[in-house]
Amino acid sequence: MKQLINELKKIVGDEYVITDKAGLIPYSRDYNPISLYLEVKKLKISYPKIAVQPGTIHELQQILEIIPKYKVKMGVYGGGSGVLQAYTPDVDLVIDLCRLNWIRWYDEESRILYLGPGAYLIEVEEWLGRRGYTLGHYPQSIHVTTVGGAVATGSIGMYSSGYGGIEDLIVGVEIATPRYGIIRYGPVVRGNIPLPLDKLMVNSEGRFGVITGVYLKVFRKPDITLKGVVKIKSFYDGVEILRRIIDYRVYPHLIRLFDEYESSIYFHSDKPVLIYGLHGYNETLELLMNWKSTLDRIVDGEHMDDKYYDEWVNSRYRYIDYIHRLYKMGIIVDTMEYGVPWSRVKKFNEEIRGRLLENPGIVYLSSHISHIHTTGCGIYYTLGIDSGSIQEEYMNIWRIALETAIENGCDISHHHGIGRIRYEALKRIYGEAGVKLIDDISRLLGF
Amino acid sequence: MSIQDVIEKCIVCPGICTYKCPIFKSTDYRAAAPVNIARAIYFQEYLDLGGLRESIGYCTLCGKCREACPINNPLPEAIKTLRKKLIESEELEFKPIEPAIYTSNYRSLRDTIRLGGEEYTVIDTSELYIHVSYGYIERISLETSYNEDPDIFQNNYSIELLRRLGLKISLDSYILHKPCKIGWENIDMFRDVFGKEEEILEICLGGGGLDLISPNLLKRIKSKLNSIDTTVITQCCRAAKRMREWGIKAYTPIELVIQYEATDK
Ligand code: SF4
Ligand code: SF4
């Protein structure tokens, strides 16, 4: 280990090789609830042995080249906002990409931005905002997510039906690999080639390379947002409305259907609430107004004041207080999301709710649909788990939920990724051969 | 809210404020980011005091984390209280650094304004003494937290004077350095005088004495700024001086006004 530390210091400089416990504490976990719980309860606090912070791509490449010699386990750290233990501290060496946080190049005319993997999404958004542009990418973790992390976990944001997920925004990528060195692809307009690297890196979770640069699409910042907040008769009536919106292809930039529980929390409503937001420009105001009135007609229900839309958007990041209050009451919050084909929404939703609530450890369960696609939607569940049983029940709860998803032909992940928590489920849907293919590609690249 | 409560909220938070913390931004040292300071305090029995001291010592108490925090968690206040306790119990060494006045050459300001033949009001800059201790920047003359009282503070600044005088200096482009506490002025003041900035640099350049505490941190800061070749306007005279030593064209507003007047007349 000593020799490795010395070699790392030679590459990046003394101050960027961290080996003391206080310096390593930031790398003790990701944002997975069980890891968080064990740490907060002081039951398990673990650290990697070394953290290294390369300042250039060249330094990073040099690090990757020396690692095989030492046969150490390596992890990559972006913003630490993953929730599925894709990053865990049971590695010897963690490569922290926070110094590669540049905004390097901007082709304003083509609306392409080139970013370092360690740039925080929120900072990029603020930088663009000052220039009149936006990525339109607002995951709940925007303040703590880095660009590289967003790509590596297949992130999606609340304006997904307007701007797409990260897979729609990415138009090029640069990666460092132990065996093939640095490979760059893009930026492209559509990039009709075999094995487009940018798409390969989406949700790769560090398997195929360390992301060292990302090209993303950029949009003109909207001048206007038109909003709607509507109480719907029932959750499944809301689902029908979402399908109609997809059929007519009039999807707004933001759309979200809350179940009864979440509607009562956010909107004090006794019925499910559907909210939508349309982004547009002064020059296209007429079009925007027509679009909005069409949507208002399709969304059948009791229309509420717009102010609730803003209230919800503004309170969206206040979840810390909520998590803390529940934590004080002995309840741990976890979240899970599945991609569900339209034809199975009702069956899947009823089944997963029923089966999860059978577990006495679950004291709270709510859901919303926050992303809609032609073929289905993303359903997001929020669970309150009794801390008394979390250690025994945690994996059980996940197993039941994933089994229900697989049995119903749903995606095992919509946008949180696979990590360690969903790895067994990945084997089931992809088969031994599929997983071997992933492992082989990873090995081929030198990981 | 008890200190324990404040710290606990931070440790269940992914650290939403991290990207606003000038120490993290200027050094990339994660242990100095707000959420990790909270964790260091919470887990102090597992950490050696050296490491803990580092984290708690670096914080400038600028309050940016609190401002960015969606629940306005008073983490800086918690750090301040704990730091005092540690200093009192001699677990943390008190490192006084000479007090500094955070305005540029005050006479030059008067002279510049006189040159322009303008009337001026003197704003009492004795209010601007800044006491620095262990990276802890605190106004000793104004009791309220900066967070709660931005108006009083911003009016003390020379830039506000220039604005009131209607002075305009056009620069092709400039980066505005808006660091910790002393960078909390209303940004429009700068824009009114210098036009719109190209970029805002929100990192601490060690003006508060951070460099005296940790040369390693200074090295981190320096390596971050290597590529800047645009003019930087900063309100911190120490930061301006340091950046110039590093080869960056950095000036306080007043220095720029003086330059401008000198070339113009
Ligand atoms: S100050 Fe607020 S945003 Fe920052 S870590 Fe604490 S709770 Fe999170
Ligand atoms: S008060 Fe300022 S320096 Fe201290 S942790 Fe908060 S943002 Fe960082």
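So here's what we get for this one:
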{"read-out": "Conditions (1) in a loop (DSSP other than H, G, I, E, B); (2) crowded, with 21+ Cβ neighbours inside 10 Å; number of the one not met by A:Asp90", "value": "(2)"}
{"read-out": "Helices (runs of 4 or more DSSP H) fully within region A:228-302 counting 2 or more residues that are buried (at least 21 other Cβ atoms within 10 Å of the Cβ) and aliphatic (A, V, I, L, M)", "value": "A:235-247"}
{"read-out": "Region A:6-21 - residue that is facing chain B (nearest Cβ under 9 Å) and not in a helix (DSSP H, G or I) and, of those, nearest to A:Gly149 (Cα to Cα)", "value": "A:Ile18"}
{"read-out": "Residues of region B:25-37 that turn out to be modelled with pLDDT of 90 or more, within 16 Å of the chain's Cα centre (by Cα) and either facing chain A (nearest Cβ under 9 Å) or under 24 Å from A:Asp14 (Cβ atoms) (or both), as a count", "value": "1"}
{"read-out": "Filter result for A:Trp102 (within 30 Å of A:Ile255 (Cα to Cα) and aromatic (Phe, Trp, Tyr))", "value": "no"}
{"read-out": "Residue tally, condition within 16 Å of ligand 2 (Cβ to nearest atom) and modelled with pLDDT of 75 or more, over region B:178-211", "value": "7"}
{"read-out": "Conditions (1) of a type in the set (Val, Ile, Thr); (2) within 13 Å of another protein chain (Cβ to nearest Cβ); (3) more than 12 Å from ligand 1 (Cβ to nearest atom); number of the one not met by B:Ile87", "value": "(2)"}
{"read-out": "Filter pass, A:Asp90 being more than 14 Å from every other protein chain (Cβ to nearest Cβ), touching a residue at least 40 places away in the same chain (Cβ under 8 Å) and not hydrophobic (A, V, I, L, M, F, W, C)", "value": "yes"}
{"read-out": "Residue within region A:33-44 that is on the phi > 0 side of the Ramachandran plot, within 12 Å of chain B (Cβ to nearest Cβ) and either at pLDDT 90 or above or not in a helix (DSSP H, G or I) (or both) present", "value": "yes"}
{"read-out": "Region A:375-397, subset of a type outside the set (S, T, N, Q) and over 20 Å from A:Val40 (Cβ atoms), residue surrounded by the fewest Cβ atoms within 10 Å (Cβ to Cβ)", "value": "A:Tyr381"}
{"read-out": "Matching residues in region A:93-112 - criterion: being within 14 Å of chain B (Cβ to nearest Cβ) and crowded, with 19+ Cβ neighbours inside 10 Å", "value": "A:Val94, A:Ile95, A:Asp96, A:Leu97, A:Cys98, A:Arg99, A:Leu100, A:Asn101"}
{"read-out": "Looking only at region B:55-68, and only at residues there that are within 11 Å of ligand 1 (Cβ to nearest atom) and buried (at least 23 other Cβ atoms within 10 Å of the Cβ), the one that is nearest to the chain's Cα centre (by Cα)", "value": "B:Lys64"}
{"read-out": "Subset tally (residues that are in contact (Cβ under 8 Å) with a residue 24 or more places away in the chain, more than 13 Å from ligand 1 (Cβ to nearest atom) and either touching a helix residue (DSSP H, G or I) at 6+ places or on another chain (Cβ under 8 Å) or among the charged types (D, E, K, R) (or both)) for region B:33-54", "value": "2"}
{"read-out": "Residue within region A:151-168 that is among the hydrophobic types (A, V, I, L, M, F, W, C), in contact with a His (Cβ under 9 Å, 6 or more places away or on another chain) and within 27 Å of A:Gln61 (Cα to Cα) present", "value": "yes"}
{"read-out": "Residue check, A:Ile320 surrounded by 19 or more Cβ atoms within 10 Å (Cβ to Cβ), touching a Pro at 6+ places or on another chain (Cβ under 7 Å) and aliphatic (A, V, I, L, M)", "value": "yes"}
{"read-out": "Test result for A:Leu24, within 14 Å of another protein chain (Cβ to nearest Cβ), closer than 29 Å to A:Met395 by Cβ and buried (at least 19 other Cβ atoms within 10 Å of the Cβ)", "value": "yes"}
{"read-out": "Positions within region A:126-184 being free of Cβ contacts under 8 Å to residues at least 40 places away in the same chain and hydroxyl-bearing (Ser, Thr, Tyr), in sequence order", "value": "A:Tyr138"}
{"read-out": "Residue in region B:1-22 that is among the hydroxyl-bearing types (Ser, Thr, Tyr) and away from ligand 1 (no atom under 12 Å from the Cβ) present", "value": "yes"}
{"read-out": "Which numbered condition B:Thr27 misses (of (1) within 14 Å of ligand 1 (Cβ to nearest atom); (2) β-branched (Val, Ile, Thr); (3) closer than 19 Å to A:Trp102 by Cα)", "value": "(1)"}
{"read-out": "Residue match in region A:138-145 (condition: part of a loop (DSSP other than H, G, I, E, B) and away from every other protein chain (no Cβ under 13 Å))", "value": "yes"}
{"read-out": "Every residue from region A:45-81 that is away from chain B (no Cβ under 14 Å), assigned to a loop (DSSP other than H, G, I, E, B) and touching a residue at least 12 places away in the same chain (Cβ under 8 Å)", "value": "A:Lys49, A:Val72, A:Lys73"}
{"read-out": "Segments classed as helices (runs of 4 or more DSSP H), wholly inside region A:330-447, with at least 2 members that are within 21 Å of the chain's Cα centre (by Cα) and at negative phi", "value": "A:390-407, A:423-444"}
{"read-out": "Total residues in region A:206-217, condition buried (at least 22 other Cβ atoms within 10 Å of the Cβ) and over 11 Å from A:Val173 (Cα atoms)", "value": "1"}
{"read-out": "Listing of helices (runs of 4 or more DSSP H) fully contained in region B:1-77 that carry 3 or more residues being within 7 Å of ligand 2 (Cβ to nearest atom) and either among the basic types (Lys, Arg) or at positive phi (or both)", "value": "none"}
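The values are calculated or read from the model by the stated rules, or taken from the named source; none is laboratory data. Just so we're clear, the structure is a prediction, and the values are computed from it rather than from any experiment. With ideal geometry, Cβ positions are generated from the backbone for all residues, glycine too; neighbour counts draw on all protein chains shown.
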